[in-house]
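This report refers to the structure that appears directly beneath it.
The values are calculated or read from the model by the stated rules, or taken from the named source; none is laboratory data. What you see is a predicted model, and the numbers here were worked out from it, not measured in a lab. Cβ placement follows ideal geometry from the backbone for every residue including glycine, while neighbour counts extend to all protein chains displayed. With ligands, DNA and RNA removed, areas are computed over all heavy atoms of the protein, side chains included. Shrake-Rupley method; radii C 1.70, N 1.55, O 1.52, S 1.80 Å.
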Amino acid sequence: MADEEGSFYIELCKNPIRFDPVDKVTNVFYDDANKQVFTVRSGGAVGVVVKGPSEKDTITFRMESRGDVSSIKFSPDRRILAVQRSPKSVEFVNFNEDMTTDQLEYSQTCKGKSTIVSGFVWTSPNEIVFITDHGIEFYQITPERRTLKCLKTINISVCWFVWLMESSCLLLASGTQGNQLNPFFFRPSIITKLTKFEVDLPSHQKSTKQPLLERDVSMANIYGQLYVIVLRHQPRPGSVGAEIVLYQIHRDVAARKTDIMRLELSGRFAINVVNNLIVVHHQASRTSVIFDINLDGESDGFVRYHHPVVSPLPIRPFRLMLPSLGIQGGQTKMEYNCELYSANWVVFQPNVIIDAKLGCSWYVELKLEPIVTMIPDKHVLAKFLLARDDSKRVILNVCRSMLSSESQATLSTISKVLDMLNKVYQDYLNSEIHVLAGDPPSKPDPAMKVVIDQSDMYTHVFSVFEDNKSIKYKFMVAVLIEYIRSLSENNITVQHYLYELIINILVHNNCFYQLHQFLQYHVLQDSKPLACLMLSLESVYPPAHQLALDMLKRLSTANEEIIEVLLSKQQLLPALRFIRSVNIVDAVSSRKFLEAAMNTDDAMLFYTVFKFFEQRNVKIRGNPRFQRGEHCEMYVKHFEGLFGTDALAEMVAAS
Amino acid sequence: MGTKGGISLASFCVFNPTYGPREGEEHKKIVFFYPKETDIDTQIKHIGLCEAIVRFTETFSNKPCQSLHTTKRRQLFLEAEKDFWMIMTVTIPFTEKTKDGQSVLEYHEEEVQDRVYEAILQQAYRMFQLFNGTFASILERTGNNVKVLQQRLEHFYVRFLQTLRLPQGDILDIFSGIHFMPLDKNTYLHVQCFINLLEASFSSIKYTAFLYNDQLVWSGLDQEDMRIIYKYLITSLFPSYQEQELQSTNSVSPSRNSAAPGDVHYGKFITGPPDIRNEKNLGKVPRVYINTECCNEECFLLVYRAHNASVCMFLPAACKINFELCHKLDSFLGPRLSQLASDIGEQFSKKAASGADTAYRFIYFNHMNLAQKTTVHSDMRKTGSNNIPPETLKLLTDISSDMSKSPEDGEIIVKTSTDNWVVGKKSDHREFFVVINQKNANLIEINEEVKRLCASNFTSIFFLD
């Protein structure tokens, strides 16, 4: 099978967690809170192997076989193991720091005679919640004393439950149809009960409603918000496609239906959440689709309706090295194409797929590059990419391709994309300022993850095209101006290298008058380097001299440079008038002026400058003579040579 | 005191001495002569004299002859192109006085300032060149057919000369500058991006200029091209369009291209289809010859306006201007330009509201970017009355001429007999004139006042005091 890199955007991680497959004596459990796979052989007597996301997390131990294990989970700090073997109680075993155990079990039975424990979840290192058919029981464990203390019980009939560790949120389903959902938040020793809400059930016929099943409900954090994800197989009578409904959970108000994703398929689905995208696997067609609730959907004022971001495609084929079954070629191992969308797959939130028969646990991953060509609208594409992790390189590639002559985008598209990039850039800069000011940083928008700053754009996008002859300079200038406009509107100071780039392009194409107008309207920010650049252009464009001087004047920290410019042009008198106007007559070096005056070979001019500084000397020191440190002897001689010693100013005796 | 004769056009001619080098063929030298009714002998005599003066003066200077002063006439000379001389003769104003019972005409030679009328002559040539190309290029296109050139000149100048307002000539004709619209950076960038988008969306548009009211915001043309086109727009195209708009009744109704609401905009073609709903009438689209990228590039000039913002689009003559293009342009430009115009208008009205100081009047001109500003004239087209006496206005020209003779920067302060102080300053290719009406002020006070003015008005430029 040809593995075309471009035709898959969902893949399974390269290094799955391998474990012993399920068989007659081996049971496999997955704890999504700790992301651990438990392989329990012969009820634990032969051994329990626990595998975590990385190789070093592997734990092996034995426990007494006391019947079939129905659930097994470590506490978040992995110091207490909870095992459920009976419907009435849960057993606990303490672990040491080196993950050895004394195998001494202690037990907790649920309250009430007819109560059945349907499951348990760890809410903190020493707190556990039993979910029973009558409600929840909240226990605190003291492992040293091997005792549990009941902190609280809540009575509610429970059909099934969903737990999301990262938000410490427990969702209990109640009611005859299991469609009354009760969210609870857990903090150490505290339970917060949120307003319950009802999931509307589609009715085929008015009388027989399909109850809401556990397998159709999951919870996940998407763009920093907690959602309950409900799969509805037949949302309306007559409709063919299933849909996914998101309920956003708020701490203060009842959960609200916010988004609906149209699948346009029916059958068995499994849902993952990867990189804030909702990934839906469809077993019958062996394809997956992605939804991004951050992209604009149609809205009816209450709920937004979404369609898949791109067309459904299969997960990229996965090959596994397995011990050879036959004797082909005498190889001990051979490559084996895993069956995708297998009936043995079990999907866990947020992004885990487990094939217990194969003994594999994968993380679902997103490949961004292939998607680039699948979203033709660059504006949508950029919005999509900005919300993804590690998409910087891809975004810069997209920007580059928008400029390149083969796949040039329109200016208005480029403008929109740049605006979007710079919005994120500005938010980032603002939060930096807050941090510097010691304020708590504002929460970053989870839909804007990637900051593309000016140096990124310059290095990876603009400078690439500087010498590219296939792109019209007009287009380059237009794009750069568009970028500067966008930066400027977002109050971001434009870096000098961007100005330099635009100036170079204009100069190379003899667009001096246009450059002049840009400077006239201060599109290009004043700076000393820019002023120097303008000075260097004077030979090809004379007005550049005036522009440079104006700029130096506006900078108001460039008096030295202005003097240098004037003197280099032999404009002695303007230079003198200038130092007088900015009140730095006393501070300037007389030698510099006298030297420039001497070089003009204009005796009268030299006389004037000389007299100017004699007067200055009188003003500062009450004496017209130049000081030794000023190194003006040579010019005094020159003066005497031209006009005689009598022309030197008289020493005025101090009175 | 008798009636006063004004400055008027006595004659205007173009001749080429190489066309009739032999005796008896002198009439061939005449390419254009105004007034047309002048008999041929007078014409021949006139250009014969002009040619003689040009030849004669050549022996004294390497600079060609510029003007000839006589008691009743002033002649201005311009070698517009090699061997093509343009001569404009204007009358000297006079007053009739009675002396010893006899009426005597007293001529006021100083009323006609050479620099002003040289500039007007130069403009007359540039304007012809803008719409027809150079004389040489016309000859080249027609295989040296002088007849065509004569027809072109005739066609153009007969009308153009009537629009010359010679008595109103002043220092602004010398500068022939451009009034730039002051805008903040972000609004300016919006204009920029709008133009870039326009040019990118319509590849047939080669150059663009953007004006708000009579002020330039952006020009993609060469500076000299913009100078003459600006002159044309401000003094001819815009005023006649506005007049026409005032007459027509439906000028304020927004154009509706489709039934969709929100598609309403106020854009209209100034040159091009006068009514976008009437596909029959494509209107008049002038052709212009510009020298931005290469010499004598023939372009169509389409001008579109929404509110007070005008976009001038230059399309190479090779491309076809049809109704489809105009329609597309209209739907592209209409909404965008309307929006942009109202954005600029907001800034404009803010600035206008800040009020003007009337204690002094000034004219500013920068030779480097042709930027000019005046509070001496009540508007840039010089239609209204001026805010200073005509003698003072003439004085500005004299000061400017004096300053142009010295390569050094400097300052001239003059007190007029009418108690106006006039200060002229020149600094690094910039000229600045202030007229202060302050009785009993002394030189030091005026000097201080000007310093203060410069400090408050020219903070962002390097302007020495």
- request: Quickly run through the stretch A:524-553 and pick out the residues that are open to solvent by 10 Å² or more (accessible area, probe 1.4 Å), more than 13 Å from every other protein chain (Cβ to nearest Cβ) and in a helix (DSSP H, G or I).
  value: A:528, A:529, A:532, A:533, A:536
field: Filter result (closer than 18 Å to residue B:152 by Cα and among the aliphatic types (A, V, I, L, M)) within the stretch B:19-49
entry: B:30, B:31
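Does residue A:437 satisfy the criteria of being of a type in the set (Gly, Ala, Ser), modelled with pLDDT under 85 and either surrounded by 14 or more Cβ atoms within 10 Å (Cβ to Cβ) or out of contact with any helix residue (DSSP H, G or I) (no Cβ under 9 Å at 6 or more places or on another chain) (or both)?
Working: of a type in the set (Gly, Ala, Ser): yes; modelled with pLDDT under 85: yes; either surrounded by 14 or more Cβ atoms within 10 Å (Cβ to Cβ) or out of contact with any helix residue (DSSP H, G or I) (no Cβ under 9 Å at 6 or more places or on another chain) (or both): yes.
Yes; evaluated as a whole, the condition is true for this residue.
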task: For the stretch B:329-344, state whether one or more residues are within 14 Å of chain A (Cβ to nearest Cβ) and modelled with pLDDT under 85.
output: no
- prompt: Exactly one of (1) open to solvent by 20 Å² or more (accessible area, probe 1.4 Å); (2) part of a loop (DSSP other than H, G, I, E, B); (3) under 30 Å from residue A:225 (Cα atoms); (4) in contact (Cβ under 8 Å) with a residue 40 or more places away in the chain is unmet by residue A:419. Its number?
  reply: (2)
message: I'm checking my understanding of the structure. Among residues of the stretch B:387-420 that are part of a loop (DSSP other than H, G, I, E, B) and among the small types (Gly, Ala, Ser), which one is nearest to the other protein chains (Cβ to nearest Cβ)?
response: B:406
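Which of the residues belonging to the stretch B:212-228 are within 16 Å of residue B:336 (Cβ to Cβ) and facing chain A (nearest Cβ under 9 Å)? Let's see the steps before the verdict.
Initial filter on the stretch B:212-228 (within 16 Å of residue B:336 (Cβ to Cβ)): B:212, B:217-218.
Hits for the stretch B:212-228 are B:217, B:218.
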message: Of the conditions (1) open to solvent by 10 Å² or more (accessible area, probe 1.4 Å); (2) within 28 Å of residue A:568 (Cβ to Cβ); (3) hydroxyl-bearing (Ser, Thr, Tyr), residue A:499 satisfies every one except a single condition; which number is it?
response: (1)
Residue in the stretch A:443-450 that is within 14 Å of another protein chain (Cβ to nearest Cβ) and in contact (Cβ under 8 Å) with a residue 12 or more places away in the chain present: no
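Across the stretch B:447-465, which residue is modelled with the highest pLDDT among those that are aliphatic (A, V, I, L, M) and touching a helix residue (DSSP H, G or I) at 6+ places or on another chain (Cβ under 7 Å)? Steps first, answer last, please.
First, the residues of the stretch B:447-465 that are aliphatic (A, V, I, L, M): B:450, B:453, B:455, B:461, B:464.
Narrowing the set further to residues that are touching a helix residue (DSSP H, G or I) at 6+ places or on another chain (Cβ under 7 Å) leaves B:461, B:464.
Details: B:461: 79, B:464: 70.
Out of the qualifying residues, it is B:461.
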- prompt: Any idea how many residues of the stretch B:96-117 are surrounded by 13 or more Cβ atoms within 10 Å (Cβ to Cβ) and under 15 Å from residue B:74 (Cα atoms)?
  reply: 10
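Can you name the residue in the stretch B:195-210 that is aromatic (Phe, Trp, Tyr) and crowded, with 20+ Cβ neighbours inside 10 Å and is also farthest from residue B:340 (Cα to Cα) among such residues?
Of the stretch B:195-210, the ones aromatic (Phe, Trp, Tyr) are B:202, B:207, B:210.
Keeping just the survivors that are crowded, with 20+ Cβ neighbours inside 10 Å gives B:207, B:210.
Numbers: B:207: 19, B:210: 11 Å.
Checking each candidate, the answer is B:207.
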message: So in the stretch B:429-465, with the set limited to residues that are surrounded by fewer than 17 Cβ atoms within 10 Å (Cβ to Cβ) and of a type in the set (S, T, N, Q), which one is farthest from the other protein chains (Cβ to nearest Cβ)?
response: B:440
- request: Quickly run through the stretch A:279-322 and pick out the residues that are touching an Asp or Glu at 6+ places or on another chain (Cβ under 8 Å), at pLDDT 85 or above and assigned to a strand (DSSP E or B).
  value: A:304, A:305, A:306
- prompt: Of the numbered conditions (1) farther than 30 Å from residue A:310 by Cβ; (2) at pLDDT below 85, residue A:38 satisfies every one except a single condition; which is it?
  reply: (2)
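Looking at the structure I just gave you, is residue A:451 within 26 Å of residue A:371 (Cα to Cα), open to solvent by 30 Å² or more (accessible area, probe 1.4 Å) and of a type in the set (A, V, I, L, M)? First the steps, then the outcome.
Details: within 26 Å of residue A:371 (Cα to Cα): yes; open to solvent by 30 Å² or more (accessible area, probe 1.4 Å): yes; of a type in the set (A, V, I, L, M): yes.
Criteria met by residue A:451.
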Residue ranges of strands (runs of 3 or more DSSP E) in the stretch B:50-132 with at least 2 members within 23 Å of residue B:151 (Cβ to Cβ): B:73-81, B:84-91
- prompt: Would you pick out the residues in the stretch A:397-413 that are surrounded by fewer than 16 Cβ atoms within 10 Å (Cβ to Cβ) and either within 14 Å of chain B (Cβ to nearest Cβ) or among the acidic types (Asp, Glu) (or both)?
  reply: A:405, A:406, A:410, A:412
field: Qualifying position, being over 19 Å from residue A:478 (Cβ atoms), at pLDDT 90 or above and more than 8 Å from chain B (Cβ to nearest Cβ), among A:584, A:563
entry: A:563
message: Quick test for you: out of B:51, B:58, B:26, pick the one residue that is in the same structural domain as residue B:99 (by TED's automatic domain parsing) and free of Cβ contacts under 8 Å to residues at least 12 places away in the same chain.
response: B:58
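Of the residues B:209, B:200, which single one is within 19 Å of residue B:299 (Cα to Cα), facing chain A (nearest Cβ under 10 Å) and in contact with a helix residue (DSSP H, G or I) (Cβ under 8 Å, 6 or more places away or on another chain)? Quick ask: steps written out before the conclusion?
Values: B:209 fails: facing chain A (nearest Cβ under 10 Å).
The conditions single out B:200.
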message: Among the residues of the stretch A:73-80, are any touching a Gly at 6+ places or on another chain (Cβ under 8 Å) and crowded, with 20+ Cβ neighbours inside 10 Å?
response: no
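Sort through A:20, A:77 and tell me the only one that's assigned to a loop (DSSP other than H, G, I, E, B), within 24 Å of residue A:164 (Cβ to Cβ) and among the charged types (D, E, K, R). Write out each step before concluding.
Details: A:20 fails: within 24 Å of residue A:164 (Cβ to Cβ).
Testing whether each residue is assigned to a loop (DSSP other than H, G, I, E, B), within 24 Å of residue A:164 (Cβ to Cβ) and among the charged types (D, E, K, R) leaves just A:77.
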- request: For residues that are more than 14 Å from chain A (Cβ to nearest Cβ) and closer than 14 Å to residue B:312 by Cα, scanning just the stretch B:229-240, find the one that is most open to solvent (accessible area, probe 1.4 Å).
  value: B:231
field: Subset of the stretch A:371-396 (residues that are without any contact (Cβ under 8 Å) to a residue 40 or more places away in the chain and either part of a helix (DSSP H, G or I) or within 14 Å of another protein chain (Cβ to nearest Cβ) (or both))
entry: A:372, A:378, A:381, A:382, A:393, A:394
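From B:447, B:420, B:387, B:440, grab the single residue that is over 29 Å from the mean Cα position of the chain (by Cα) and touching a residue at least 24 places away in the same chain (Cβ under 8 Å). Lay out the reasoning, then the answer.
Details: B:420 fails: over 29 Å from the mean Cα position of the chain (by Cα); B:387 fails: over 29 Å from the mean Cα position of the chain (by Cα); B:440 fails: touching a residue at least 24 places away in the same chain (Cβ under 8 Å).
It is B:447.
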